[in-house]
Amino acid sequence: MSMRLMVQAMNCKVGNPARKLVLLKLADNANDDGICFPSYQYIADKCEMTRRSAISHIECLIKMGLVSKKERKNKDGSISNLYFLHLEQGSEKFCTHNQSLFRTSQ
């Protein structure tokens, strides 16, 4: 857990309280370099939402530029995601740069 990233995530205005919770959970799981790899289901369970909602919120955070994702294939063919948080620009101006992104469903 990176307290620095948690504080930066808290300062972001992302337009939706559930989306903010997902961002905070990613920051909670991230190391000091902003890298984490929780599953969609883990995020959904911890944020008390459906898996589909967690995926939608992560996709929106990616479009906003706050998170990037790299898919990893394991030897058994399963896929996991590696997330990179980009919160160093986490000012309110940066996080609210595109109001149209706020119109996604929960």
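If you scan region 64-95, which residues turn out to be within 18 Å of residue 24 (Cβ to Cβ), of a type in the set (D, E, K, R) and at pLDDT 90 or above?
69
Checking the structure you have, find out if any residue of region 56-73 is buried (at least 19 other Cβ atoms within 10 Å of the Cβ) and free of Cβ contacts under 8 Å to residues at least 12 places away in the same chain.
No, every residue in region 56-73 fails to be buried (at least 19 other Cβ atoms within 10 Å of the Cβ) and free of Cβ contacts under 8 Å to residues at least 12 places away in the same chain.
To keep it simple, each residue is scored yes or no on (1) surrounded by 14 or more Cβ atoms within 10 Å (Cβ to Cβ); (2) of a type outside the set (Phe, Trp, Tyr); (3) touching a residue at least 24 places away in the same chain (Cβ under 8 Å); (4) out of contact with any His (no Cβ under 8 Å at 6 or more places or on another chain).
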{"position": "8", "(1), (2), (3), (4)": "yes, yes, yes, yes"}
{"position": "17", "(1), (2), (3), (4)": "no, yes, no, yes"}
{"position": "43", "(1), (2), (3), (4)": "yes, yes, no, yes"}
{"position": "86", "(1), (2), (3), (4)": "yes, yes, yes, yes"}
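The values are calculated or read from the model by the stated rules, or taken from the named source; none is laboratory data. Keep in mind that this is a model prediction, so the values were computed, not measured. When we count neighbours, we look across all protein chains shown, and the Cβ atoms used for this are built from the backbone with ideal geometry, even at glycine.
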